[in-house]
1. Return the residues of the range B:46-69 that are surrounded by fewer than 24 Cβ atoms within 10 Å (Cβ to Cβ) and small (Gly, Ala, Ser); say none if nothing qualifies.
2. Of B:Asp270, B:Asp265, B:Asp248, which residue is more than 30 Å from B:Asp216 (Cα to Cα) and in contact with a Phe, Trp or Tyr (Cβ under 6 Å, 6 or more places away or on another chain)?
3. Would you pick out the residues in the range B:128-154 that are out of contact with any helix residue (DSSP H, G or I) (no Cβ under 7 Å at 6 or more places or on another chain) and more than 9 Å from every other protein chain (Cβ to nearest Cβ)?
4. Filter the range B:70-97 for residues that are in contact with a Phe, Trp or Tyr (Cβ under 6 Å, 6 or more places away or on another chain) and buried (at least 19 other Cβ atoms within 10 Å of the Cβ); which is nearest to B:Asn254 (Cα to Cα)?
5. So, in the range B:66-80, how many residues would count as being part of a helix (DSSP H, G or I) and of a type in the set (S, T, N, Q)?
6. From the list B:Gly52, B:Gly23, B:Gly101, B:Gly44, which residue is in contact with a Lys or Arg (Cβ under 7 Å, 6 or more places away or on another chain), more than 20 Å from B:Phe178 (Cβ to Cβ) and among the small types (Gly, Ala, Ser)?
7. Examine the range B:144-161 for a residue that is crowded, with 24+ Cβ neighbours inside 10 Å, in a loop (DSSP other than H, G, I, E, B) and not assigned by TED's automatic domain parsing to the domain that holds B:Pro69, and state whether such a residue exists.
There are 2 protein chains.
Amino acid sequence: MFGITPSARLRPSPFYESTVAEGVQSFTTYNNMLMPTGYGDPEGEYWRLINGVSMWDVAVERQIELHGPDAGRLAQILSPRDLGKCVEGQGKYVALCNHAGTLINDPILLKLAEDRYWLSIADSNILFWARAVASERGLDVAVSEADVSPLAVQGPKAEDVVASLFGDWVRDLKYFWFSETEIDGIPVAVARSGWSKQGGFEIYLMDGSKGAGLWDRVKEAGKPFDIGPGNPNACERIESGLLSWGGDTDDATNPYEVRLGPFVDLDVADDVVGIKALRAIKAEGPKRHQLGAVLENDEPTALPAHWYDILVDGEKVGDLTNCVWSYRLKRNIGFALVSTRVKPGAEVVVHKDGWAIPAALSKLPFI
Amino acid sequence: MFGITPSARLRPSPFYESTVAEGVQSFTTYNNMLMPTGYGDPEGEYWRLINGVSMWDVAVERQIELHGPDAGRLAQILSPRDLGKCVEGQGKYVALCNHAGTLINDPILLKLAEDRYWLSIADSNILFWARAVASERGLDVAVSEADVSPLAVQGPKAEDVVASLFGDWVRDLKYFWFSETEIDGIPVAVARSGWSKQGGFEIYLMDGSKGAGLWDRVKEAGKPFDIGPGNPNACERIESGLLSWGGDTDDATNPYEVRLGPFVDLDVADDVVGIKALRAIKAEGPKRHQLGAVLENDEPTALPAHWYDILVDGEKVGDLTNCVWSYRLKRNIGFALVSTRVKPGAEVVVHKDGWAIPAALSKLPFI
């Protein structure tokens, strides 16, 4: 692992000093911001998420705020998912596409008010994108990056931690729903959300100067539950079949190829960006689909830094877009973005670092 | 310095293996790609650039290609600089702005043909931006990220190296002009360009599978001139007054604030993005300007990872956006983005890591 050079282009998170105090060892960058990726004990951090509760600095999930009379209209124009029934306090997973129907982000959209929305984004520049579309269409809406930084609390004991901090009302929150509140003067929104399938919450800090205060309070509330620091966990998210935009997608990926078809409503209005292209893609049928791949070798491999070819009978049929040692399956597993001609059950070969590793394809998720 | 975790979201460069073989120690990320930032001898790498010749992997300067009948029209719509006289083989430094006149990138625009342009970009997503504008206006142009990766050769001996490799014709290239050619079957464009004021070239590799071949040939040609690996040099670029978009700018910075006014032509057509806002900003006068700051302390400081407050009489007047120990001036220097009420010659105080360091402001560049 190489060092990462400090730069004003790579912004620290409001929780940065707290994560350094916790012993963070490594970072990735995401939305031009540093995100912790490990505290020195990958397997321990994994099992803490699976069996207990983990807290993650995910301030990198920036909130692109749409605010003004046309905020709702812009939200719908950007989202090929019908938002007509979305109410205040509700969040929805949306597949943002460009005019060609290519997936450009997969945020959670949060409706704060009729005239105010957040897009809690993956790693691509939706600030520029949303501004371009809004300005070109002459909409009356301000698009900005809000001073909002999520802190995730994930794992089977997450609800107990968050309830002990905010009250039992959080137990009634439905998935992706949220509520604005405060704790000791720290303004937050509490959402049932998070990039794992172990259950949990994201606490959206709404004042970047108060990161340490929020971190300390969550840590204190989590002590009876043995909380510890973690990060969006590559192993768990791959086992659980969660998409990483930009990692598992390329510049030609449409929502249907990566299991996001259910989040596209083809009968939204024609002015929704990409909807005409998506109708055509759906009618023609997508060229690729996303499956799981279980590699035959039984030694842990390193996380790959790029895609690997997947072959059938010597012919390339797609790519392995990630790969991780599954602590639960005791196998190397990954996502295969392959031709729809290749079906679950297929035996393939992954070309990886000069090796040819047999693999079996399956449906996702693995667990 | 913390480690950086490998990720498929952070693409390696075609020169990645070569830089690892050269002993690269650290990286930054830029346009979701890894860029080498050092080989273990910062001062040696600096003097090699000042006195000799250095070669840099700057594949992160991605080329956003505009191709098609409306390519020239889109280039002008995106650029508040008159491109009317730009001819094939010519490059121009342009200040891309959004509809509010805020600077969103400062690329070199290269005109390859009447229907084909590259924007050699700084660290922001112009692929999405240009596609949004082109699609919303219904232009007949394909916008893509080309398979093109610059390799910089910089320093007073750079011309001799590049001439020995490609021929003496490169000595006649004017600044930012370029020519397409090849070497041993490796397709390249050779441009007189580069992010230093020490002179030099950027060799745009046009086949990502041939990075090692190009690296080896440049290294071999440079041997008589004692070439060695380097990177966009923070010390030299600050001494020379070169802007780092995203490092020295924020989400409210317009071109006039950061010395890019000469690259804005206010009489371009009204359909140029941001031009109406820029006319208003120019008429009203910018609120901030960019000066140099020489700190009074005479010990080298670490490169800051964020901005620092600049105060006059206890009142904040702006920000120190970078800071580096100048090997030539033997002082800590940086850029000050301050109120236009504060003039060159002003004595200010920089609040930095809990310290209050006196500093003197001056015009840029320092050298």
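1. B:Gly52, B:Gly68
2. Unique residue meeting the criteria: B:Asp248.
3. Answer for the range B:128-154, where residues must be out of contact with any helix residue (DSSP H, G or I) (no Cβ under 7 Å at 6 or more places or on another chain) and more than 9 Å from every other protein chain (Cβ to nearest Cβ): B:Gly138, B:Asp140, B:Ala142, B:Ala146, B:Val148, B:Pro150, B:Ala152.
4. Result: B:Ala95.
5. 1
6. B:Gly52
7. For the range B:144-161, residues crowded, with 24+ Cβ neighbours inside 10 Å, in a loop (DSSP other than H, G, I, E, B) and not assigned by TED's automatic domain parsing to the domain that holds B:Pro69: present.
Residue-by-condition table, conditions (1) among the hydrophobic types (A, V, I, L, M, F, W, C); (2) closer than 30 Å to A:Asp267 by Cα; (3) not assigned by TED's automatic domain parsing to the domain that holds A:Gly199:
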{"site": "A:Glu22", "(1), (2), (3)": "no, no, no"}
{"site": "A:Thr28", "(1), (2), (3)": "no, no, no"}
{"site": "A:Met35", "(1), (2), (3)": "yes, no, no"}
{"site": "A:Tyr39", "(1), (2), (3)": "no, no, no"}
{"site": "A:Trp47", "(1), (2), (3)": "yes, no, no"}
{"site": "A:Asn51", "(1), (2), (3)": "no, no, no"}
{"site": "A:Ile77", "(1), (2), (3)": "yes, yes, yes"}
{"site": "A:Cys97", "(1), (2), (3)": "yes, yes, yes"}
{"site": "A:Gly101", "(1), (2), (3)": "no, yes, yes"}
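The values are calculated or read from the model by the stated rules, or taken from the named source; none is laboratory data. Keep in mind that what you see is a predicted model, and the values were worked out from it rather than measured. All Cβ positions, even for glycine, are placed from backbone atoms using ideal geometry, and neighbour counts span all protein chains on display.
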